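Undergrad: If you scroll down you'll find the structure; I have some questions about it.
The values are calculated or read from the model by the stated rules, or taken from the named source; none is laboratory data. What you see is a predicted model; the values in this text were computed from it and never measured. All Cβ positions, glycine included, derive from the backbone under ideal geometry; neighbour counts span all protein chains shown.
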Amino acid sequence: MNYDEMAKDFSTRTKYLVENYKGEYEVTFLLNCCLGLIVVPKEKDFDSIPNDEIPLQGALWGLTRQDIRVGCDTCGYKLRHVIRRIRNGICHFKLESIPDEDGQISSLTIHDSRDFDATLTVPQLREFALSLTRHVYKL
């Protein structure tokens, strides 16, 4: 690993692992990999994250306004704010799993304090995490 670019290398390798994982513990693996895909870019390269607004309709990096509850009037749906809040919820393990009809985890609700939560399907969380790393590290 090139220690001059440790954050980028770590995130790049984590991205590779997620894209190539074929095991049976997909959700556990993805949450473990959120360190490299969400936490590292947010902590080390925050200024590289666009401050775009999540659109009223459609998605931005897999995130939609319908899946996010922001209770703070001044916070809005800026991508940087949402990333910070999702990072907090994952790091503090404020997670709820939502099972499908077979009892498998299909979605996760990520909480950060009383005024934020995001309910994302597993594919949405994966798309969001990979999109963040791709953007920040130009992969």
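Undergrad: Taking the conditions exactly as written (surrounded by fewer than 18 Cβ atoms within 10 Å (Cβ to Cβ), under 25 Å from T14 (Cα atoms) and either at pLDDT 95 or above or among the aliphatic types (A, V, I, L, M) (or both)), does L56 satisfy them or not?
TA: no
Undergrad: Quick one: in segment 10-34, which of the residues that are surrounded by fewer than 16 Cβ atoms within 10 Å (Cβ to Cβ) and closer than 16 Å to T133 by Cα is farthest from the chain's Cα centre (by Cα)?
TA: Top of the filtered list is N20.
Undergrad: Failed condition for L95, given (1) over 15 Å from the mean Cα position of the chain (by Cα); (2) closer than 19 Å to N32 by Cα, with all others met?
TA: (1)
Undergrad: So in segment 126-139, with the set limited to residues that are part of a helix (DSSP H, G or I) and of a type in the set (K, R), which one is surrounded by the fewest Cβ atoms within 10 Å (Cβ to Cβ)?
TA: R134
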